[in-house]
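Asker: Dropping the structure in here first, questions after.
The values are calculated or read from the model by the stated rules, or taken from the named source; none is laboratory data. On a predicted model such as this, the values are computed, not experimentally measured, just so you know. For neighbour counting, all protein chains shown are included, and Cβ atoms are generated from backbone atoms with ideal geometry for every residue, glycine included. Calculation scope for accessible area: heavy atoms of the full protein, side chains included, ligands and nucleic acids excluded. Shrake-Rupley method; radii C 1.70, N 1.55, O 1.52, S 1.80 Å.
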Amino acid sequence: MKIKRITVCIAALGLVMSLNAQEMSFEDYNPKSTLVVPGKEITKAKYPFIDVHSHQRNMDAASLKKLVTDMNALNEGIMVNLSGGSGSSLNAKIESIKKNYPNRFVVFANVDFDGVGKPGWTEKATAQLEEDIKNGAKGLKIYKSLGLRYKDINGKRLAIDDPRLDPIWAKCGEMGVPVLIHAADPKSFWGPMDSDNERWLELKTHPRRKRSETDPAPWQQIIDEQHHVFKKHPNTNFINAHMGWYANNLAKLGALLDEIPNMNVGIAAVIAELGRQPKNARAFFIKYQDRILFGKDSWKPKEFPTYFRVLESDDEYFPYYKKYHAFWAMYGLNLPDEVLKKVYYKNALRLIPKLDKSLFPLE
């Protein structure tokens, strides 16, 4: 009798678990593919690469040593830390690099856009940027807060193409350093949060990312402001972060590259868009091979193999590492070696001054 009761309880528990599984939410549903196809994870890049889109707060000796160990395992030659800051904080990072690993790291300067409109703000900011570049910064990184968050002293949203910022872009061109700029966010963040929105899960799990036509401006307006700056400053090289949020519309991105010869693009945080359109993306990379740079964004070494596999292999239907970014599978582009070399390091060596070329095969 006791055994029968235990059996009944176990059966009931199994039924409850089965019912709970059937009531599972979309956020929890993440099945493992049963598809068996050739291919394997690529843990080390085929060629040494330059990551033009990284963020590091600490660049003391111990932090750099740990970073170099992880970089060597990935075959990363040079890391570009976009979070350089300005003034004394920037100088401290540069000095630590010089003392420890002078050929493995570079930093980009940043500009604080608070106070635009105050007398002398433009002149002061431009002078500080010039000093930062002379002290060793290899470029300027612009965060998405320009266009989304910053306001001038009158409380008006600070547009990316505000004329008061023109001397900053011009100074970078004059001093021969690139501007890596992140403008806006994926267009879907501005769309209705409904069943048609591909970013629904991301917006549900990260509700602060949701935008609207008035928060703080329409997506297209912000993107157009960025392109206006590129066209207005043809002597300055720009690296459009995240492929300018057009990785899901490569025909449009190609038209922009044709129209704006001083615009380049980085692939940080958009590999999921490329990996779901392997034929189209491969043709795009071959056509615009001189304008595309490798970047990852968040420093998580375990995520790099997905980038390597998309770029290097012809594997089919392998998983992406972050469901709320992409609930679809990836496919390899199988890029030609010469294209890989340009994306991994040659284009960065051309755009970013005074990098150590001896770390890379230049044949």
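Asker: When only alpha-carbon atoms count, how far does segment 90-134 stretch along each of its three principal axes, as whole angstroms with the largest first?
Answerer: Taking the Cα atoms of segment 90-134, the three principal extents are 41, 16, 13 Å.
Asker: Taking the Cβ of Tyr324 as the centre, find all other residues whose Cβ is under 9 Å away and add up their charges (Lys, Arg: +1; Asp, Glu: -1).
Answerer: Every neighbour counted, the sum reads +2.
Asker: Grab every C-alpha pair in segment 238-337, bin the distances at 10 angstrom width from 0 up to the longest one, and report whole percents.
Answerer: Final binned percentages: 16, 52, 28, 3.
Asker: Given axes a ≥ b ≥ c from the Cα gyration tensor, I'd like to know whether segment 297-340 is rounded (a/c under 1.5), prolate (a/b larger than b/c) or oblate.
Answerer: oblate
Asker: Roughly speaking, to the nearest percent, how much of the chain's 1.4 Å accessible area is carbon and sulfur?
Answerer: 54
Asker: If amide H atoms are built 1.01 Å from N in the plane of the peptide, which residues on other chains or at least 5 residues away come under 5 Å of the amide H of Glu76?
Answerer: Under 5 Å from the amide H of Glu76: Phe49.
Asker: Could you provide, to the nearest whole Å², the per residue accessible area of the chain with probe 1.4 Å?
Answerer: About 49 Å² of surface per residue is accessible.
Asker: What accessible surface, in Å², does a 1.4 Å probe find on Val106, ignoring ligands, DNA and RNA and rounding to the nearest 10?
Answerer: The value for Val106 is about 20 Å².
Asker: If the chain were replaced by its equivalent ellipsoid, with semi-axes equal to the square roots of 5 times the Cα gyration tensor eigenvalues, what would those be, largest first, whole Å?
Answerer: 39, 26, 21
Asker: Next up: Return the long-range amide H neighbours of Ser83 (sequence gap of 5 or more, or a different chain), with a cut-off of under 5 Å between placed amide H atoms.
Answerer: Gln56, Phe108
Asker: When the distances between all Cα atoms of segment 127-241 are binned every 5 Å from zero, what whole-number percent does each bin get?
Answerer: All Cα pairs, binned at 5 Å, distribute as 2, 11, 19, 20, 17, 12, 9, 6, 3, 1, 0 percent.
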